[in-house]
1. I need the peptides 440-452, 132-144 ranked by packing, meaning the mean over residues of other C-beta atoms within 10 angstrom, with the highest value on top.
2. For E363 and E265, what does the FRET efficiency come to when R0 = 60 Å and r is the distance between their Cβ atoms, rounded to the nearest 0.05?
3. Find the centroid of the Cα atoms in segment 13-64 and in segment 157-195, then give the distance between the two in whole Å.
4. Give the lysines whose C-alpha is closer than 30 Å to that of K23, dropping any in the same chain fewer than 8 places away, or say none.
5. Taking every pair of alpha-carbon atoms in the chain, give the share separated by more than 44 Å as a whole percent.
6. With only alpha-carbon atoms counted, please give the Rg and Dmax of segment 2-149, in Å.
7. Measure off 7 Å from each Cα along the Cα-to-Cβ vector at Q353 and E388, then give the distance between these two points in nanometres to one decimal.
8. Using a cut-off of 13 Å between beta-carbons, work out the net charge of the residues near K291 (Lys and Arg +1, Asp and Glu -1, K291 not included).
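The values are calculated or read from the model by the stated rules, or taken from the named source; none is laboratory data. Bear in mind that the values here come from a model prediction, so they are computed numbers and not experimental data. Glycine gets a Cβ as well: all are built from the backbone with ideal geometry, and neighbour counts include every protein chain shown. Quick note on the areas: whole protein, heavy atoms, side chains included, nothing else; ligands and nucleic acids left out. Shrake-Rupley method; radii C 1.70, N 1.55, O 1.52, S 1.80 Å.
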Amino acid sequence: MEHVEKIIDEKIQGKALVTENKKENTKKLFIESYGCQMNMNDSEIVAAILDKQGYNTTQVLEEADLVLVNTCSIREKAETTVRKRLQKYNAVKQVNKKMKVGVLGCMAERLKEKFLEEEKIVDLVVGPDAYKDLPNLLEEVNEGKDAVNVILSKEETYGDIAPVRLNSNGVSAFVSITRGCDNMCTFCVVPFTRGRERSRDPKSILEEIRQMVAKNYKEITLLGQNVDSFLWYGGGLKKDFNKASEMAQATAVDFAQLLDMCATEFPKTRFRFSTSNPQDMSLDVIHTMAKHKNICKYIHLPVQSGSNAMLKAMNRQHTREEYMELVDTIFKIIPEMALSQDMIVGFCGETEQDHKDTLELMEYVKYDFGFMFAYSERPGTLAGKKMEDDVPADVKKRRLTEVIDLQQKHALYRTKQHLGKTEEVLIEGTSKKNSNQWKGRNTQNTVIVFPKEHYKLGDFVNVKVEDCTSATLIGTAVGYSDNN
Ligand code: SAH
Ligand code: F3S
């Protein structure tokens with residue numbers, strides 16, 4: 001339980017993001033990122049844009065010329081956390097008077113100009129599609145004006161910007177492939193804050209990966225709100241695909257094809273992807289995963305609820321039965337697959353029976369990992385406008401505990417299945433608990449720790465699993481894998 005809560009907290013924790021400094025850069029940028037991996041990757045794009053404007057990153061808030069916070073709106077708690085951070089910046093600004101403060105990301109998009117009124121400390125408000133305008137906006141700010149750009153775009157994918165890697169381990173990195181989301185789940189603010197869905201040119205995706213591989217990166221996670229819905233037909237919104245020319249439609253690249261292109265061109269690089277909405281997951285994707293050893297056998301497949309009534313109210317485009325069928329198909333094609341969930345408890349109208357359906361579905365799948373949340377009403381969403389947030393807080397809390405406890409049981413069931421096996425692990429860093437041990441992950445995304453011996457960061461090593469907790473495998477390396 002403690003462990004799962006920690007994961008949830010880590011998901012919304014912000015931290016100062018830094019990279020190597022350049023001598024010619026004279027200004028100091030303190031940048032923090034809250035929320036999803038997409039935000040983290042966006043912060044890397046922002047750092048790349050500001051690098052060209054003469055900014056180095058710093059970990060010391062007090063010495064920053066510019067403080068940027070990349071924000072998350074997904075739940076109320078994420079927004080409260082950011083507001084608290086702004087108070088901290090405010091205290092620092094009393095001493096460092098020339099410090100400028102900017103808000104990026106989903107909260108910027110949601111609150112727009114209102115942010116400037118509500119939080120006096122804020123000088124700059126920039127939505128997720130407007131980062132290329134930062135140099136102009138900063139000029140305005142430096143002239144003493146407030147600056148806002150929250151325009152959402154039909155085309156912007158930042159495909160032409162090579163992100164500056166922040167807090168990187170030099171081994172694994174994220175590459176964005178889609179932006180926005182068209183799914184309109186009734187509880188979710190993302191379609192409003194990140195706009196309509198669009199895909200990035202596969203050429204620029206492959207070029208970015210080429211550069212990463214040249215720098216010795218070993219694992220790439222392809223990112224999007226809804227990666228399985230990836231569709232490149234020459235640019236433009238996903239929803240306008242039907243209006244494209246016959247030629248453009250015939251030569252379009254979908255997610256399975258993109259995965260195949262990546263895995264084929266870089267056979268020694270591991271590929272992961274996130275997030276997969278079950279309704280967009282195709283058989284082709286699963287077959288492509290089966291075909292390539294270097295596509296990791298792990299799918300984050302959020303279901304949100306195990307109840308058909310809830311799925312319908314949430315506007316998820318599949319039933320509980322269809323989801324179970326998908327899970328069956330996945331295990332049939334790739335028996336060693338690991339699956340994880342996102343679950344929302346206490347959504348509008350959720351009955352005790354709906355909740356039991358969720359627990360039962362979890363029992364059926366036995367997920368390896370999970371991210372579980374109590375429903376948090378978001379202004380502007382369909383649920384926020386039309387449905388009553390009627391499950392009392394204490395009931396939400398109790399249901400959440402039940403879901404988390406069950407997930408922990410399943411996580412242990414899954415980690416135990418690795419005992420005695422020898423698995424390929426990519427070394428990603430030193431174990432937090434023991435500096436004599438490496439930490440890495442197997443193909444299923446399960447963390448493994450083992451004695452360092454002569455192995456190095458970035459090595460692919462075969463590790464024999466000897467013990468486990470519900471979150472971690474413990475083992476000993478038996479040699480290099482043939483992937484080095
Ligand atoms: N694109 C992903 C979800 C992105 S948001 C998908 O396909 O499902 C990440 C997770 O936050 C969601 O899966 C959901 O479980 C949770 N979430 C989103 N809105 C929420 C809300 N209003 N209250 C509680 N949890 C929420
Ligand atoms: Fe949100 Fe549903 Fe898209 S959860 S990000 S609207 S798939």
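1. Details: 440-452: 21.3, 132-144: 15.2.
Per-residue mean Cβ counts within 10 Å order the peptides as 440-452, 132-144.
2. The formula returns an efficiency of 0.90 here.
3. Taking the Cα centre of each part, segment 13-64 and segment 157-195 sit 17 Å apart.
4. Result set, ordered by chain and number: K15, K52, K88, K93, K97, K98, K100, K132, K145, K215, K218, K456.
5. 12
6. That works out to 14.5, 48 Å for Rg and Dmax.
7. Simple spin-label model gives 1.9 nm for this pair.
8. With Lys, Arg at +1 and Asp, Glu at -1, the net is 0.
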